[in-house]
1. Using alpha carbon centroids, what distance separates region B:78-92 and region A:3-33, in Å?
2. Give me the 1.4 Å probe accessible area per residue for region B:191-278, excluding ligands and nucleic acids, in Å².
3. Label points 7 Å out from Cα along the Cβ direction at B:R82 and B:L150: separation in nm?
4. Please work out the Cα center distance from region A:180-247 to region B:3-37, rounded to the nearest Å.
5. Which distance in nm do the two modelled labels at B:K26 and B:D10 give, with both placed 7 Å along the Cα-to-Cβ direction?
6. Using the alpha-carbon atoms, what tilt in degrees (0 to 90, nearest 10) does helix A:139-151 show relative to the longest principal axis of chain A?
7. Could you rank A:M137, B:M159 by how accessible they are, 1.4 Å probe, largest area first?
8. Using R₀ = 30 Å, calculate the FRET efficiency as 1/(1 + (r/R₀)^6) where r is the Cβ-Cβ separation of A:T95 and A:S38; round to 0.05.
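The values are calculated or read from the model by the stated rules, or taken from the named source; none is laboratory data. Just so it is clear, the model here is predicted, and its values are computed rather than measured. No Cβ is skipped: glycine too gets one built from the backbone with ideal geometry, and neighbour counts run over all protein chains shown. The protein model used for the area step is the full one, side chains on, heavy atoms only, and it has no ligands, DNA or RNA in it. Shrake-Rupley method; radii C 1.70, N 1.55, O 1.52, S 1.80 Å.
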Amino acid sequence: MSAIELNNLNIAYSSVQVVHGASLTVEEGESFALVGESGSGKSTILKAICGLNDEWTGEIKLYGEKVDPRKRADISRISQMVFQDPYGSLHPRKTVDTTLSEPLTIHGIKDNGDRVVEMLNAVGLDQRYRFRFPHQMSGGQRQRVAIARALMLKPKLMLLDEPTSALDVSVQAEILNLLKQLRKDQNLTFLLVTHDLPVVSFLCDRLAVMKKGKIVEIATRDQLAKGTFNEPYSQELYQASKHEHVA
Amino acid sequence: MSQKLLEVEDLRVTFPTHQGDVEVVKGISFDLGRERLAIVGESGSGKSMTGRAILKLIRSPGRVTAKKFVFDGIDLNKQSERQMRKLRGARISMVMQDPKFSLNPVLSIEDQIAEALRTHQTLTRKELDEKVLHMLEQVRINDPARVAKLYPHEVSGGMGQRIMIAMMLIPEPDLLIADEPTSALDVSVQAQVLDLIDNLIREKGMGLILISHDLNLVANYADRVLVMNAGEIVEQRDAADLQNATHPYTQGLLNAMPRLDETRDELPTLDRTQWAAT
């Protein structure tokens, strides 16, 4: 069964249509990337899938079931999102413990803190961070908290919106390793939005290239490594990335 | 690199805190000719502070000290705030990271660029307009006459950054400091903006200090690279020679980056204890 199935998805913000007839399938356990420039509609697709935006037509299926944007709670049991900016996505006046317990309270799950301890361990944060506030932690540590929060409800699907682009290279490496490890351990499916092709090469099996709200090409990691895209636009993105690289 | 544009020796930037003084730049020294120098490092390494210190833009209670601090024969240590204001913009200027926050939202592009020029020179309106349009053409903006009338919110990020570059280069400074000039831009636009800076620098024979966290970018757009960590310069290298870096910190940074044809299962991460003692 496929984890995500998009059929002819159209998304509009008021009268401006930002995604035009996007269709794609992500298999269970796969790691899939959406790449493109800003404004190409990649984050918009992510928001539609997790129910943050219900202004869409077409069809979204998660694990074979049609998504109904009115049933947000159901969606969040299956899929969770990690945002770009760890400085903006954590509540500044809530401790790590409160932040992590909140999803459990919302979904009425009784738990005496075991899950919080377990998840802190899973993302490699020491227990002493449990009662800290976001401003007492570094960017990398905050992103670990955001990942832990996304994992609290044991989702099968993680939606990652530029999870490392606000971080330093060395911290980015730590977070990428963590995501790869978690995917293996917990058998997760990833849908990653990024503009960074090397990150895709490290973390993903396939990618969709987007331009102005349309998917122009779906390619494999092999094609990315060798730079053998079929569409000129994808090739252009690849060259821009390659141009910048030292080794 | 015949004459030296900037000489810095033992530059220190200190901020007082409740726990005593914290030194964010710990006595660094470097020279700059009419060349392209890059300062690379992670957040908190002191690279931006170094850039600001050169313009004496560190506000009290922060303190800047240096044994030698000379720009083109002018001792920056001895310059008053008023004299500095004459240098800033006219002789040394700075391109900031984010055009969204660095352009004045209530001034049109035209007025904004003209302001940079008017501060330092007296020109007639006609001369000003001509210079502004010419500068906009130089930063490769299509239809400069139309763009000149627009306001910052009406232009894209890449265009905003080009406008900022126009603004900084119009007084024809000798030294341009670019602090993360492209990190707020898309990958495809980044290359355009950097090529543009590069061309203008070469044409006008200026000096450039490129401050960035991105080693790849720096390798392509600088002649020399200083790698900073925790307020110190840990390594100096020619950009072409960057792969052969010997300091563990630089090597760590290079290895931590994923590649386009990635085959490693795990990325090596920095062991921060390794050089903490040095």
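1. Spelled out, the Cα-based centre of one part sits 54 Å from the other.
2. Numbers: 3770 Å² over 88 residues.
That works out to 43 Å² for each residue.
3. It is 4.1 nm.
4. After rounding, the separation between the Cα centres reads 40 Å.
5. Those two pseudo-labels are separated by 1.7 nm.
6. Its long axis makes an angle of about 90 degrees.
7. Working: A:M137 10, B:M159 40 Å².
Descending accessible area places them as B:M159, A:M137.
8. Numbers: r = 33 Å, r/R0 = 1.11.
That pair, A:T95 with A:S38, gives E of 0.35.
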